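Notes to accompany the following structure.
The values are calculated or read from the model by the stated rules, or taken from the named source; none is laboratory data. Since the model is a prediction, treat every value here as computed from it, not as a measurement. Every residue, glycine among them, receives a Cβ derived from its backbone with ideal geometry; neighbour counts consider all protein chains shown.
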Amino acid sequence: MTWQNVLGRVAFSNCDPIFNSLDKKWEILPAPPSWLTGHLLRRDCLCAPIPTADYAKHSNELLLLPELAIASNGEVGSVLLFGSRTIDDMRDIALPSDSSTSVALLKWILTKRGLDPKFYDSGPDINYMLSKCDGALLIGDRALVAARENPELIRLDLGAEWTKITNLPMVFGVFAARKDSPRQKIIMAQKDMLDQYKMFKKDKKFRNNVIFESSNKLGFEGERITEYFVDEVSNLLDNDGVKGLELFLSEVCGLSSKPTWLSCD
């Protein structure tokens with residue numbers, strides 16, 4: 001098995017609809033979002049969903065796979081700022097190390113509000129983070145679990161906040177590959193992943209199986225994970241999603257050029 005047959009995936013539930021039963025010809029490399037960027041650049045895998053902000057840093061080396069993303073149009077449910085006081089009153093915020101996109105988005109939102117709290121890097125543990133700071137940013141499964149276990153905390157959903165400001169979807173992660181990777185292999189991977197997600201959306205039995213397994217993994221009732229997969233996080237990148245992505249890359253990341261896309265023709 002060479003790196004050309006390895007697909008990176010985020011080690012959170014937000015990609016389960018794609019990777020739950022992907023064809024066995026692909027080996028799967030799970031890792032936190034920020035780690036996947038390094039795996040991709042080192043040729044540990046053919047392609048991977050990486051933080052959108054990381055693509056901006058390495059856009060000269062990478063291209064994007066069309067129609068695939070980790071996105072939301074409104075609430076995302078798993079990128080949350082927690083605290084015992086509102087964002088306007090937070091003096092300091094603990095930031096996790098596992099996603100550059102959420103950190104960049106939070107700082108942009110704060111700037112839009114004219115706020116300037118102090119930031120501290122931290123491991124993604126909500127109790128420790130809030131013992132040191134007024135606010136704690138969490139992503140992925142940890143955010144979902146923290147929201148369930150700490151209903152008394154004030155929460156700001158960063159996906160909802162972005163859409164409220166821009167009226168566009170927020171693209172937290174993009175599926176990327178190195179520009180010098182074998183094109184036909186990338187096209188094959190993109191098609192297999194997209195077909196898998198389309199099956200999740202159309203095939204009720206398959207969708208229910210994915211939701212059941214994801215719910216058990218996280219210790220949730222199926223209803224919450226159904227809501228998460230159906231109404232909040234999406235792995236499909238549509239035309240509005242592309243507009244939201246391009247706005248984030250230019251407005252938040254300062255990328256002056258348009259992203260480079262894989263041509264599947």
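Of the residues making up segment 20-57, those that are part of a helix (DSSP H, G or I) and modelled with pLDDT of 95 or more number 12.
When the residues of segment 84-137 are filtered to those that are in a loop (DSSP other than H, G, I, E, B) and in contact with a helix residue (DSSP H, G or I) (Cβ under 6 Å, 6 or more places away or on another chain), the one that is surrounded by the most Cβ atoms within 10 Å (Cβ to Cβ) is Ser99.
Within the set Lys217, Lys198, the sole residue that is surrounded by fewer than 19 Cβ atoms within 10 Å (Cβ to Cβ), part of a helix (DSSP H, G or I) and in contact (Cβ under 8 Å) with a residue 60 or more places away in the chain turns out to be Lys217. Any residue in segment 174-188 that is under 27 Å from Ser100 (Cβ atoms), of a type in the set (S, T, N, Q) and assigned by TED's automatic domain parsing to the domain that holds Leu36? Yes.
Quick grid of which residues meet (1) out of contact with any strand residue (DSSP E or B) (no Cβ under 8 Å at 6 or more places or on another chain); (2) hydroxyl-bearing (Ser, Thr, Tyr); (3) more than 23 Å from Asn167 (Cβ to Cβ):
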position	(1), (2), (3)
Gln4	yes, no, yes
Leu36	no, no, yes
Tyr55	no, yes, no
Ala104	yes, no, no
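Got at least one residue in segment 96-106 being assigned by TED's automatic domain parsing to the domain that holds Ser234 and among the hydroxyl-bearing types (Ser, Thr, Tyr)? Break it down into steps so the answer makes sense when it comes.
The initial filter retains those residues of segment 96-106 that are assigned by TED's automatic domain parsing to the domain that holds Ser234, namely none.
No, that holds for no residue.
Taking the condition surrounded by fewer than 24 Cβ atoms within 10 Å (Cβ to Cβ), touching a residue at least 12 places away in the same chain (Cβ under 8 Å), assigned to a strand (DSSP E or B) and acidic (Asp, Glu), does Glu75 pass? Talk me through it step by step, then tell me what you get.
Values: surrounded by fewer than 24 Cβ atoms within 10 Å (Cβ to Cβ): yes; touching a residue at least 12 places away in the same chain (Cβ under 8 Å): yes; assigned to a strand (DSSP E or B): no; acidic (Asp, Glu): yes.
Against the criterion (surrounded by fewer than 24 Cβ atoms within 10 Å (Cβ to Cβ), touching a residue at least 12 places away in the same chain (Cβ under 8 Å), assigned to a strand (DSSP E or B) and acidic (Asp, Glu)), Glu75 does not qualify.
Among the residues of segment 1-57, those identified as farther than 21 Å from Leu237 by Cβ and aromatic (Phe, Trp, Tyr) are Trp3, Trp35. Answer with yes or no whether Arg85 is outside the structural domain of Phe206 (by TED's automatic domain parsing) and not hydrophobic (A, V, I, L, M, F, W, C). It is true that Arg85 is outside the structural domain of Phe206 (by TED's automatic domain parsing) and not hydrophobic (A, V, I, L, M, F, W, C). Residues considered: Phe248, Phe212. Of these, the only one that is of a type in the set (A, V, I, L, M, F, W, C), assigned by TED's automatic domain parsing to the domain that holds Asp192 and buried (at least 18 other Cβ atoms within 10 Å of the Cβ) is Phe248. The listed residues are Arg91, Arg43, and the only one of them that is basic (Lys, Arg) and not assigned by TED's automatic domain parsing to the domain that holds Arg142 turns out to be Arg43.
Restricting Ala53, Ala69 to residues that are touching a Leu at 6+ places or on another chain (Cβ under 6 Å), touching a residue at least 40 places away in the same chain (Cβ under 8 Å) and within 25 Å of Gly254 (Cβ to Cβ) narrows the list to Ala69. Residues in segment 226-254 that are of a type outside the set (Asp, Glu), touching a Lys or Arg at 6+ places or on another chain (Cβ under 9 Å) and within 20 Å of Ala177 (Cα to Cα): Leu236, Leu249, Cys253. Listed conditions (1) assigned to a helix (DSSP H, G or I); (2) in the same structural domain as Ser234 (by TED's automatic domain parsing); (3) in contact (Cβ under 8 Å) with a residue 24 or more places away in the chain; (4) not small (Gly, Ala, Ser) are all met by Arg148, apart from (2).
Selection of segment 247-265 for residues being in a loop (DSSP other than H, G, I, E, B) and touching a residue at least 12 places away in the same chain (Cβ under 8 Å) yields Cys253, Gly254, Leu255, Ser257, Lys258, Pro259, Thr260, Leu262, Cys264.
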